[in-house]
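Worksheet: one structure, shown below.
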Amino acid sequence: MIDKKRPDWNTSLQEMFGSISKRYDLLNSLMSFGQDRRWRKSFLELADVPERGSLLDVGAGTGEIALDAKRLHPGLKVTALDLTAGMMKVGRGKPSGGDVLWVQGDALHLPFPDKSFDIVTSGYLVRNVPDAIGAFREQLRVVKPGGRVVCLDTCPPKNHVLRPLVGLYFKVAMPLLGGLVSGQWKAYRYLPASIQAFKTPAEIAGIMGDSGLANVVWRQFMFDTVAILKGERPRAG
């Protein structure tokens, strides 16, 4: 597993995600049993994306959320930010990749002025940053008052009857499938382990509240292993 306390953590993360960029979308679909599209649809519905205005997707990877948002809302100005050039290269190469502005940058130091976007989204970002509250504070900073911050991530099931079976899937099936398809065994040992070590939706909601976001709500899917959370920047903030 990547040590998030190391000074070269960003470099390590770039190398890991760069190594799996070409197979990333395929493996997300395989590992979610094809449910990842449905989750993104629910994600964008909960986000209440405006028909026009501006959206920033942080940790955009290959741009699945950003491109879905643009397809659903053609009048929306969409910016996709990611740390890894290889992931963004895959996203740019997609049929509608040119409809999105791609920016390479750090989720903990967003290269945008305060109050720049109507909505800020992220998918599978928070469990991969060394400072979750710092990431949310940056998203809060760049979203406009009254705007929304919405995140999608995978969480360990805490009190579910299928928890042992789901745990076995994370420990054995995901690393095996990921390693076989991508050839990157180390990356697909890290990713399932990061899920199991991650926080519950209630704990993430608490972090969002501590960052300054208000009215935080969430939904869960797939035996409570996938969560979508939404918070708002207070209009007076």
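FYI, it's all coordinate maths here, none of it is from the lab. Note that the structure is a prediction, hence the values are computed from the model and not measured. For neighbour counting, all protein chains shown are included, and Cβ atoms are generated from backbone atoms with ideal geometry for every residue, glycine included.
For segment 99-148, averaging the sequence separation of C-alpha pairs within contact (under 8 Å, six or more residues apart) and dividing by the residue count gives a relative contact order of 51 percent. The stretch between N215 and K41 holds 60.5 nm of extra length on full extension. This uses 0.36 nm per residue minus the Cα-Cα distance. Using the Cβ-Cβ distance between R92 and R52 with R0 = 22 Å, the FRET efficiency computed as 1/(1 + (r/R0)^6) comes to roughly 0.40. Computed extension length for F223-E203: 5.4 nm, one decimal, from 0.36 nm per residue of separation with the Cα-Cα distance subtracted. From least to most packed, judged by other beta carbons within 10 angstrom and beginning with the fewest, V217, V90 follow the order V217, V90.
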